[in-house]
Amino acid sequence: MGAKENLVLHTAWTEAEQRHDLTHHGDFMHRDIEFHPPGGEPVLGLEAYITMMEATYAGLDGFSVVLDDQFATDDRVVCRYRTRGTHTGNLFGLPATGRQIEVAGMSLWEFEDGKARRGWSFSDVAALMAQLS
């Protein structure tokens, strides 16, 4: 696949996460996806990725993500994004604060055979912690 196809796929999966619809993630990611969140242990496998997203939805009421910018090569997609929500549940081990948050970040995804194989997210963790404290 090429850059254009990778952008279409990445956009479709971001839109699915925006709708909290994880039912088609097997179409977007390899079953053995490897995701590296900021400051955390790698998330290994599609089921673990889905579990991570479900925990995010549970911790951030109204979770949404906005793609501010994205570009691709034949095997990579890089995007700049903003995540928003209200901290109403446990999030990364932090009890609910009821505060609204907005966190900017960037991610890099490697694609292989038409699906994401590996990804890294670089969110502004300092800004998140400031908003939650």
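Brief remarks follow.
- Flag if Val78 is among the β-branched types (Val, Ile, Thr) and either exposed (fewer than 15 other Cβ atoms within 10 Å of the Cβ) or in contact with a Leu (Cβ under 9 Å, 6 or more places away or on another chain) (or both): yes
- Which numbered condition Phe35 fails, given (1) out of contact with any strand residue (DSSP E or B) (no Cβ under 6 Å at 6 or more places or on another chain); (2) within 23 Å of Asn90 (Cα to Cα): (1)
- The requirement of being among the charged types (D, E, K, R), farther than 16 Å from Phe28 by Cβ and either touching a residue at least 24 places away in the same chain (Cβ under 8 Å) or surrounded by fewer than 13 Cβ atoms within 10 Å (Cβ to Cβ) (or both) is satisfied by Asp68.
- Single residue of Thr56, Thr83, Thr51 found to be closer than 21 Å to His24 by Cβ, without any contact (Cβ under 8 Å) to a residue 24 or more places away in the chain, among the polar types (S, T, N, Q) and not in a loop (DSSP other than H, G, I, E, B): Thr51
- Check on Val77, within 17 Å of Val8 (Cα to Cα), β-branched (Val, Ile, Thr), assigned to a strand (DSSP E or B) and in contact (Cβ under 8 Å) with a residue 24 or more places away in the chain: yes
- Members of the stretch 16-35 found to be closer than 15 Å to Tyr57 by Cβ and acidic (Asp, Glu), listed by number: Glu17, Asp21
Computed from the coordinates by the stated procedures, all read-outs in this text should not be read as laboratory data. Fair warning: this is a prediction, and the values are worked out from it, not measured in the lab. No Cβ is skipped: glycine too gets one built from the backbone with ideal geometry, and neighbour counts run over all protein chains shown.
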